[in-house]
1. Inspect all residues belonging to the stretch 134-144 and state whether any of them is under 30 Å from E268 (Cα atoms) and outside any strand (DSSP E or B).
2. Looking only at residues that are small (G, A, S) and open to solvent by 20 Å² or more (accessible area, probe 1.4 Å) in the stretch 362-397, which one is modelled with the highest pLDDT?
3. For the subset of the stretch 249-268 comprising residues that are part of a helix (DSSP H, G or I) and touching a residue at least 24 places away in the same chain (Cβ under 8 Å), which member is farthest from the chain's Cα centre (by Cα)?
4. Being in contact with a strand residue (DSSP E or B) (Cβ under 8 Å, 6 or more places away or on another chain) and part of a loop (DSSP other than H, G, I, E, B) is the filter; apply it to the stretch 224-248 and report the residue that is farthest from L343 (Cα to Cα).
5. Of the conditions (1) of a type outside the set (G, A, S); (2) within 22 Å of the chain's Cα centre (by Cα); (3) surrounded by fewer than 19 Cβ atoms within 10 Å (Cβ to Cβ), E352 satisfies every one except a single condition; which number is it?
6. Give the residue, chosen from A113, A121, that is assigned to a strand (DSSP E or B), small (G, A, S) and open to solvent by 10 Å² or more (accessible area, probe 1.4 Å).
7. Go through the stretch 221-245 and report how many residues are surrounded by fewer than 21 Cβ atoms within 10 Å (Cβ to Cβ) and aliphatic (A, V, I, L, M).
Amino acid sequence: MFATARTHPGSNRDSSRQHNLSTVLRLVHSTAGISRAQLTRTTGLNRSTIAALVAELSQLGLAVESDLDTAQLHGRPSIKIDPSPAALALVVNPDVDVVSVALVSLGGHIVNAVRFHTVRAPSGVEVVNIVTAVYSGMRTSMPAGHRVTGVGLAIPGLVRTDDGTVIEAPHLGWQDEPLSSRLGEALGLPVFTANDAVVGARAQAAFGAGRGVADLVYLYGGASGIGGGIISGGRLIQGAAGFAGQLGHTHVRTGGTACTCGSSGCLEAEVTRAALIEAVGLPAGEIENLEEVLLEKLQDGCANDKLSAVIAHQIGLLAVGLKTVMSLLNPSVIVLGGFLRILVRAAPGVLEEALAGCGPHRPWENVKIELAPLGEDQILIGAAELVFEPLLADPAGYLQGLEGE
């Protein structure tokens, strides 16, 4: 005989409270600050309920009530609710020549960032050692009352969604690397792992050019190749095993350069940061200045034939890849990050001309091309979203779980 589940008095009330608490915190987080009056209008909850929910979030260390909202021109001034700077995520993005480590607070604010340069691609164990040492230093300067709620890992490779194992990161030389579990054991924190371009897409959707966009493609070019993140119908597309978005392996050239995936002529094999760096003649220690140096050379008329040819070649093949992406996914916005934005800035209008040169009424006709902000910030902010998602879904419950570990 099967037992019948009993409904405990107050369980529905607790579920409603959790939902409302989550709703309010998501709004505070996504807007990076919102007034009580706006919360009341947006949620449909009454003022006393909003006041109680905000008070609870403040007590949990997740929200802060600040000065009166002076932007409100009419009626009674309203208290402004900001995401608390005390709720933090530790984020990590290893690449072939650098391990980026940062603390990101609710609201998508990077409060501390360290780029640890390496002479070669680090192993998983080396990444754990680097992060542990960097985090130890960060903790000593962390203000009282601040707490890290988890670790967000952004990996340039394939990540298994159920346990965070890095199935393959070819440019790092990793296969079946249990970095997530290793880092969790070393730091004593929950770890959430995803592909770096996927978390970049999350950041764009939450705070960047993709905010409020239901159909978005984010394409990021870095030292480890080109990755992508896809948002369709307002939902992040992950695929059956979490491997969706490998847009760097879109075929763009028949009989082209061999790719790490075993094929040839893939977008990331043909369009590379290394080729751009070599053409510019940039020393290894100045790679972070690639965009500035390249644009300066072009502006001063110092670009040689090799550099001009590389830019033209890469933009042409990028256009081929984007046409395929647009035909398959029909996004309204494509955001280009990393060195891909440098290509677009190096030859203004050329990419748009290549996309428009195939006649009207094509899938790419009304697609808007946006450039992500310079730097790695979007990857780091997106990695923090991995940590904040369960916190946003159940603020009190998640924090209680942390205290119980």
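The values are calculated or read from the model by the stated rules, or taken from the named source; none is laboratory data. What you see is a predicted model, and the numbers here were worked out from it, not measured in a lab. Every residue, glycine as well, gets a Cβ built from its backbone with ideal geometry; the counts of neighbours run over all protein chains shown. With ligands, DNA and RNA removed, areas are computed over all heavy atoms of the protein, side chains included. Shrake-Rupley method; radii C 1.70, N 1.55, O 1.52, S 1.80 Å.
1. Within the stretch 134-144 (the criterion being under 30 Å from E268 (Cα atoms) and outside any strand (DSSP E or B)), the answer is no, since none of the residues qualifies.
2. Step by step, filter the stretch 362-397, then rank; the result is A393.
3. L267
4. So the residue we want is G242.
5. Unmet for E352, out of (1) of a type outside the set (G, A, S); (2) within 22 Å of the chain's Cα centre (by Cα); (3) surrounded by fewer than 19 Cβ atoms within 10 Å (Cβ to Cβ): (2).
6. A113
7. 6
Conditions tested, residue by residue: (1) open to solvent by 40 Å² or more (accessible area, probe 1.4 Å); (2) of a type in the set (F, W, Y); (3) part of a loop (DSSP other than H, G, I, E, B); (4) in contact with a Pro (Cβ under 8 Å, 6 or more places away or on another chain).
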| position | (1), (2), (3), (4) |
| --- | --- |
| S181 | yes, no, no, no |
| G184 | no, no, no, yes |
| T193 | no, no, no, no |
| G200 | no, no, no, no |
| R211 | yes, no, yes, no |
| L219 | no, no, no, no |
